[in-house]
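Here's the structure we're looking at; comments come further down.
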Amino acid sequence: MAQWTADRWAENGFDSRLIEYHTYLNYPVAQSLSFSANGTMREVNLEEAVLEEDPTTGWPNRVPTFHGYSFSGQAEAEYVYVGRGQQADFERLVELGVELEGKIALARYGGPFRGLKVKNAQSYGMIGCVIFTDTGDDNNVTEAKGYAAYPHGKARNPTTVQRGSVLYLSTYPGDPTTPGYPSKPDSPRTGIEAVTPQIPSLPLSWVEAQPLIQALDGYGTSGEEVNRTRWVGAFNASYNTGPAPGVTLSMSNEMKDNTTAIWNAIGIINGTSQDEVIVLGNHRDAWIIGGAADPNSGSAAMIELSKAFGKLLATGWQPKRTIVLCSWDAEEYGLLGSTEFVEEFIPWLSGAAVSYLNIDVGTSGPDPDISATPDLREVAIQTMKKVVYDDYRGYNNLTLYDVWYGLGAVTGVLGSGSDYTAFVHNGISSIDMGANPGPSDAIYPYHSNYDSYHWMATYGDPGFNTHKVMCRYLTLLAYELATREIIPLDVGNYGVQMTSYLTELESTVQEGGDNYTSLDLSPIRSAIETFNASAAAMSDLIASTSPSDTETVNRVNAKLRDYSRGFVSQGGLPNREFYKHVVFAPGLDTGYAAVTYGGVTEAITFYHNATMAQEWLDAMQDPTTGLAAAYLEGHILSQDAGVLPKDKLASKMAAASAPYPGGPQAGGPGQMNQPQQQGGYVSCSRRPQGTNSADCLHSQANNNINHIIQVKVLHKDKAVHPALPL
C-alpha cells in the first residue's frame, strides 16, 4: 500500500518517494481468557463473529483481537472492576479499601487512552488487565433500546472488540526503542519499560464482559457508592468493585517482538517559496483488514486531493508554498511513522513548515469535527463556508460551516492520539479534521473487524457523500494555505485562547485548595500581554502590506511561519520531555484529551505539588530559560528580521549532520540527559547515554529536501537517488 499510494500521487504530478524506518513492533501469537466461578470454569470468547453479510469479517488472514505493545505473560487471580481505569478511579478504590495488589483489573473502555489504564493498574500492583466495551457508551442506539445489531441494524454487534495500542502515549509517542531520534537500521536502542506495560492485557467485547461484571454483584462496593464518572454502564448489573471470593480470571497473552521496516509515502509539489511548506498527512495502517473509516476514509481523501492538484499542475500552475503529502505507517502502534519523520527532519521542518493538516478518520458519520491550534481556526472556519454540504440528514443548500455551526461551532484543543502530535510539539501550527456519528447514528465499530466497506456503505456513509465533503474541505484548506500571498495564520487568536486557558487555570488553582492559594499567575498574564501587543502590531502590518511589496510580504511570512516555535520549551513538560508545547499537551492521565498550561496544571492536579507549580511559574519570568522564551517569543512578530537565508538554514542543518556513534556507552541505555542547544535547535532530552545533540537530530545537511530526505524517488521501472531541487 505504501508503493501504491506513492504511485497514485506520482500519476497526479507529485514527486513521490518512500522513506523507510526500522521500528520495534510486536504481533499476536496466542491469546486466551478463562473465567471461573462456583467451581466451574469456561473459556471466554475473544473472537469477533464472522458475518455472512460482511465478507472481510471471514477472511482467513483476519487479524485476531489483541493489544499492540502488550506484554507477553500469564496471570490468574480474582479480579476487580476499576471503572475507566483513570488515576482518580484507582485513588477512589484505595480510599474505599478495595484490595488491588495481586488482582487482575477489569476496566471499561472510554476516557483515557487504553495504555494508561494498563499503566495505572500496573502501578497499583495488579498483575493483568482486561479492557471491555460497554454499551453505556452507545447512547440509545443499543439492542436493549430496540435497535437491531450490525449487520441488521445500527446497534453495535455484540462481539465487537476494540483492538489498539497500550503504549503510554502521554509519556512519548513513536518507536519506544528510539526516543527522540529516528529509527534507522544502525540506531542505538533503549529498553521499552518506561513506555510499555509489564503486565499482560487483552481487549474484550461487551457480550463477553457482561457476565464478568455481573459476577461481582454483591461484592465490594456498589457502583452507586463508588460515585465516579461513568463508572456504571448499561449492563444489567450493579457494577460492584469486587473482588468476589473464588471468582477468578486466567489470562494468557503471547506476543512476538520484531524490529521491522515501515514506510512513509511522501509526495511533493514544489512551490515558488521553497522555505515555506504545507504538510498534509493521513496514516495508512489499520488494526484490521477493512479500516474503512480508520484510516481509509482519510486515505481516500488524500488520493482524491492529489487528483485535484494534479489537474491544476497540468495547466502550468505552481503553488506559492511547497505542498508535501504524507501517508504515515504504524500510526496505530503509537504514531510511529509521523514521529520518526519529525525526529529525522526537524531542522528542515523548523526552518520551513508553515502548518500541518491531519485527516485520520475522515468519515465515520456525517457530523464534522475539527481541532486546531488557535492560529489556524479562522482560516479553517472561513474555508468551511466555501464547501457545499448537500444531503446532510436530508437537508440541502447547506455549507459545511452551516452544519458545523448548527452542531455547536466547537473547535477542539489538540491533545494527542493522531499524527499531528509531533508537529504541534515542535511548534508547527496544526489542524485535525474528520466527521463523526451523531447520537442517533449507527455505532462506529472502532478498531473492529466491522470497520469495513460493508459497514461504511450501509451505515457509516451511504453514497459516500460525507467522504466527498471532507475531501473538498481538506483540499480547499490546503489550497488556501499554499497560495495566499500572506500566510493566513491568525496570530491574535493565540492571545484570545491563552486568556481563556488562563481563566481555566485560575479555577484549577482555586479548586486545588489552600496549598495553592499563594501561587502567582502574573508571569502568564504578563506574557499574554506581551504576546498580544506583538500580535496586534503584526495584524496592523499585515493589513497595511500590499501583495506587490515582495520584501515586506516575505518578511511577514517568515515571522508567521516561525513565531509558534516560541511556544516550545527546551526541556519539555515534567517527566515527559517529548511534549514541549507549553500551552497545550495531552493530559498525563488522558493520553487523548488536552490539558492547557500543562506544566502548572498537572503540578496541581496530577503531582499535587505546589512547589513544582511555582517553579514553572517562576521559570516563565526567567529570560534565560526555554519557558520564558516560549511565552515571550511573541516578540518575534515585531522584530526586524528578514527571511532566513538558505545558507543560514543549511548551516543549521549541517550542525545536525553528524553520524550516529556505534551505540550506547557504558552506563546503560535510556539515561536521561539535560537538553542541549545545537545549531539553533533544541536537541532531544531523552536519549541513550553516549549520544550527543547532533546524534539525536541525525539529519542530512542541505537546504534541498532531496538531500535532507535521502530516499528513493519512485518510478515505474526503477528506483534511484537523484537530488532534484524542490
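The values are calculated or read from the model by the stated rules, or taken from the named source; none is laboratory data. Treat the numbers as computed from the prediction; the structure is a model and nothing was measured. Ideal geometry is used to build each Cβ from the backbone, glycine not excepted, and the neighbour counts take in all protein chains shown.
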Any residue at all in the stretch 43-52 that's in the same structural domain as LEU212 (by TED's automatic domain parsing) and not in a loop (DSSP other than H, G, I, E, B)?
yes
Result of the Cβ filter at 7 Å on the stretch 576-597, keeping first residues that are more than 17 Å from TYR109 (Cβ to Cβ) and free of Cβ contacts under 8 Å to residues at least 60 places away in the same chain and partners that are outside any loop (DSSP other than H, G, I, E, B) and among the aromatic types (Phe, Trp, Tyr), at least 6 apart or interchain, is VAL582/PHE567; VAL582/TYR631
Per the filter on the stretch 214-255, residues over 32 Å from the mean Cα position of the chain (by Cα), among the hydroxyl-bearing types (Ser, Thr, Tyr) and under 29 Å from TYR150 (Cβ atoms) are SER238
Counting only residues that are part of a helix (DSSP H, G or I) and in contact with a helix residue (DSSP H, G or I) (Cβ under 8 Å, 6 or more places away or on another chain), the stretch 511-532 contains a total of 11
For the stretch 68-122, the count of residues that are in a helix (DSSP H, G or I) and without any contact (Cβ under 8 Å) to a residue 24 or more places away in the chain equals 2
Considering residues that are on the phi > 0 side of the Ramachandran plot and in contact with a His (Cβ under 9 Å, 6 or more places away or on another chain), the number found within the stretch 420-479 is 1
Among (1) modelled with pLDDT of 95 or more; (2) buried (at least 20 other Cβ atoms within 10 Å of the Cβ); (3) part of a helix (DSSP H, G or I), LEU627 falls short only on (1)
Restricting the stretch 334-360 to residues that are in contact with a helix residue (DSSP H, G or I) (Cβ under 6 Å, 6 or more places away or on another chain) and of a type in the set (Val, Ile, Thr), the one nearest to SER564 (Cα to Cα) turns out to be VAL354
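Under the condition of being of a type in the set (Ser, Thr, Tyr) and surrounded by 18 or more Cβ atoms within 10 Å (Cβ to Cβ), which residue from the stretch 463-508 is nearest to THR322 (Cα to Cα)? Don't jump to the end; show me each part of the working.
Taking the stretch 463-508 as the starting set, the residues that turn out to be of a type in the set (Ser, Thr, Tyr) are 466, 473, 475, 479, 483, 494, 499-501, 503, 507-508.
Now narrow it down to the ones that are surrounded by 18 or more Cβ atoms within 10 Å (Cβ to Cβ): 466, 473, 475, 479, 494, 501, 508.
Details: THR466: 28, TYR473: 19, THR475: 14, TYR479: 11, TYR494: 25, TYR501: 33, THR508: 42 Å.
Restricting to residues being of a type in the set (Ser, Thr, Tyr) and surrounded by 18 or more Cβ atoms within 10 Å (Cβ to Cβ), the top hit is TYR479.
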- Determine if the stretch 515-533 includes at least one residue that is modelled with pLDDT of 90 or more and within 27 Å of ASP89 (Cα to Cα). yes
A careful count of residues in the stretch 575-604 that are modelled with pLDDT under 95 and more than 24 Å from PRO374 (Cα to Cα) gives 1
- Qualifying residue in the stretch 391-403 (condition: touching a Pro at 6+ places or on another chain (Cβ under 9 Å), closer than 26 Å to VAL324 by Cα and at pLDDT 95 or above): yes
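Has the stretch 341-352 got at least one residue that is of a type in the set (A, V, I, L, M), assigned to a helix (DSSP H, G or I) and over 19 Å from the mean Cα position of the chain (by Cα)? Spell out how you get there, then give the answer.
In the first step, residues of the stretch 341-352 are kept if they are of a type in the set (A, V, I, L, M); the result is 342, 346, 349, 352.
Right, trim to assigned to a helix (DSSP H, G or I) and you get 342, 346, 349, 352.
Now narrow it down to the ones that are over 19 Å from the mean Cα position of the chain (by Cα): 352.
Checked against the condition, which is being of a type in the set (A, V, I, L, M), assigned to a helix (DSSP H, G or I) and over 19 Å from the mean Cα position of the chain (by Cα), the stretch 341-352 yields at least one hit.
Given the stretch 396-504, what helices (runs of 4 or more DSSP H) lie entirely inside it while holding 3 or more residues that are in contact (Cβ under 8 Å) with a residue 60 or more places away in the chain? Quick ask: steps written out before the conclusion?
Working: elements: 400-406, 421-424, 465-483.
Helices (runs of 4 or more DSSP H) meeting the threshold: 421-424, 465-483.
Report whether or not THR40 is on the phi < 0 side of the Ramachandran plot and under 23 Å from the mean Cα position of the chain (by Cα). First the steps, then the outcome.
Values: on the phi < 0 side of the Ramachandran plot: yes; under 23 Å from the mean Cα position of the chain (by Cα): no.
In short, no.
Within the stretch 497-522, track down each residue that is over 17 Å from GLU602 (Cβ atoms) and not aliphatic (A, V, I, L, M). It would help to see each step written out before you state the result.
Taking the stretch 497-522 as the starting set, the residues that turn out to be over 17 Å from GLU602 (Cβ atoms) are 497-500, 503, 514, 517-518, 520, 522.
Result: GLN497, THR499, SER500, THR503, ASP514, THR517, SER518, ASP520, SER522.
Please determine, by comparing only the residues of the stretch 217-250 that are in a strand (DSSP E or B) and either touching a Cys at 6+ places or on another chain (Cβ under 9 Å) or not aliphatic (A, V, I, L, M) (or both), which one is surrounded by the fewest Cβ atoms within 10 Å (Cβ to Cβ).
Filtering the stretch 217-250 for residues in a strand (DSSP E or B) gives 248-250.
Of the ones still in play, those that are also either touching a Cys at 6+ places or on another chain (Cβ under 9 Å) or not aliphatic (A, V, I, L, M) (or both) are 248, 250.
Details: THR248: 20, SER250: 18.
By that ranking, first place goes to SER250.
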Of the residues in the stretch 276-296, those that are among the small types (Gly, Ala, Ser), buried (at least 24 other Cβ atoms within 10 Å of the Cβ) and within 17 Å of the chain's Cα centre (by Cα) number 2
Expected single match for within 30 Å of GLU47 (Cβ to Cβ) and of a type in the set (A, V, I, L, M) among ALA457, ALA478 is ALA457
Of the residues in the stretch 598-615, those that are touching a residue at least 60 places away in the same chain (Cβ under 8 Å), buried (at least 20 other Cβ atoms within 10 Å of the Cβ) and not hydrophobic (A, V, I, L, M, F, W, C) come to THR601
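Can you tell me which residue within the stretch 559-585, out of those that are among the basic types (Lys, Arg) and under 19 Å from GLN614 (Cα atoms), is surrounded by the fewest Cβ atoms within 10 Å (Cβ to Cβ)?
So the first thing to find is which residues in the stretch 559-585 are among the basic types (Lys, Arg), and the list is 559, 561, 565, 576, 580.
Checking which are under 19 Å from GLN614 (Cα atoms) leaves us with 576, 580.
Details: ARG576: 19, LYS580: 23.
Ranking the qualifying residues of the stretch 559-585, first place goes to ARG576.
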| Any residue at all in the stretch 204-213 that is over 30 Å from the mean Cα position of the chain (by Cα), assigned by TED's automatic domain parsing to the domain that holds VAL118, part of a helix (DSSP H, G or I) and of a type in the set (Asp, Glu)? | no
